[in-house]
Amino acid sequence: MDDKISQLQKIIDESSNIVFFGGAGVSTESGIPDFRSVDGLYNQQWKYPPETIISRSFFFHDTKEFYRFYRAKLLPTGFEPNAAHYKLAELEAAGKLKAVVTQNIDGLHQKAGSKVVYELHGSTLRNYCMDCGEFYDETFIAASDKSPDGLPRCTKCNGLVKPDVVLYEEGLDDNVISGAVHAIAAADTLIIGGTSLVVYPAASFVDYFHGKNLVLLNKSVTSKDDYATLVIHEPIGQVLSQIKV
């Protein structure tokens, strides 16, 4: 392990344009459950399968049940960034890291201090009225279970407030895609962390990387392990906390 940390340190020291591509495993060390681990959301009992509930069609078909699940399972209230988030922000501040591309919707990268963050699947911290566009934060959604119909209603027009997250059956934001792809294509080092690389189209973006070093930091094997310069199957926070900037 020490030898691999030394290799990672050397790669980072010699890189000037690093991009980090991350998934749920980055936030599990903050206490936020992922979707596909043994203890993840996909393995917990609910009235419907989670992938059904967080789809666009279900959102409109059974909005109350959507928000009951959403408030209970997806709002990252009370969670703080961990060592991985802080180290990435530190690398950006030092001019080494140029961008974070994340599949997460918890906003913890920004909370840790990262400035250039491409949120492929949106953020639970942003919510908008579907009628007038009025903005609401996550605390408004969290408190909506106390509303007369159990739904977040706009205080200006009574329209339904929808989280700015990409649901199943919805497309990714074109501007976010463009920014993420350009950042990855320009990188000399791509660090992939905390993701099993099975969620598409997000996972396909790593194919735009043609730089020198591909680093994999994930507890389980991924489809890119055989192509990587360095692979470390350990918790990402534990690994990155040992890197000196």
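Select from region 158-192 the residues that are open to solvent by less than 50 Å² (accessible area, probe 1.4 Å) and more than 17 Å from the chain's Cα centre (by Cα) and write down the one among them that is nearest to Gly122 (Cα to Cα). This residue is Lys162. Note on region 98-150: among residues that are in contact with a helix residue (DSSP H, G or I) (Cβ under 7 Å, 6 or more places away or on another chain) and polar (S, T, N, Q), the one that is surrounded by the fewest Cβ atoms within 10 Å (Cβ to Cβ) is Ser144.
If I filter region 225-239 for residues that are touching a helix residue (DSSP H, G or I) at 6+ places or on another chain (Cβ under 8 Å), assigned to a loop (DSSP other than H, G, I, E, B) and of a type outside the set (Lys, Arg), do I get at least one hit? Checked against the condition, which is being touching a helix residue (DSSP H, G or I) at 6+ places or on another chain (Cβ under 8 Å), assigned to a loop (DSSP other than H, G, I, E, B) and of a type outside the set (Lys, Arg), region 225-239 yields at least one hit.
Scanning region 194-228 for residues that are touching a strand residue (DSSP E or B) at 6+ places or on another chain (Cβ under 8 Å), free of Cβ contacts under 8 Å to residues at least 24 places away in the same chain and open to solvent by 70 Å² or more (accessible area, probe 1.4 Å) yields a single hit, Tyr227.
Checking the condition farther than 30 Å from Arg153 by Cβ and at pLDDT 90 or above, which residue from Glu65, Glu14 passes? Give the steps one after another, and end with the answer.
Numbers: Glu65 fails: farther than 30 Å from Arg153 by Cβ.
Step by step, each of Glu65, Glu14 is checked, and only Glu14 is farther than 30 Å from Arg153 by Cβ and at pLDDT 90 or above.
Of the strands (runs of 3 or more DSSP E) that lie entirely inside region 89-190, those containing 3 or more residues that are of a type outside the set (Phe, Trp, Tyr) and closer than 23 Å to Ser57 by Cβ span 122-129, 161-165. For Thr155, the conditions (1) farther than 23 Å from Tyr118 by Cα; (2) surrounded by 14 or more Cβ atoms within 10 Å (Cβ to Cβ); (3) at pLDDT 95 or above are fulfilled apart from (2).
The values are calculated or read from the model by the stated rules, or taken from the named source; none is laboratory data. Keep in mind the model is a prediction, meaning the values are calculated, not measured. Neighbour counts are summed over all protein chains in view; Cβ atoms, including those assigned to glycine, are modelled from backbone coordinates with ideal geometry. Surface accessibility is based on the protein's heavy atoms, side chains included, excluding ligands, DNA and RNA. Shrake-Rupley method; radii C 1.70, N 1.55, O 1.52, S 1.80 Å.
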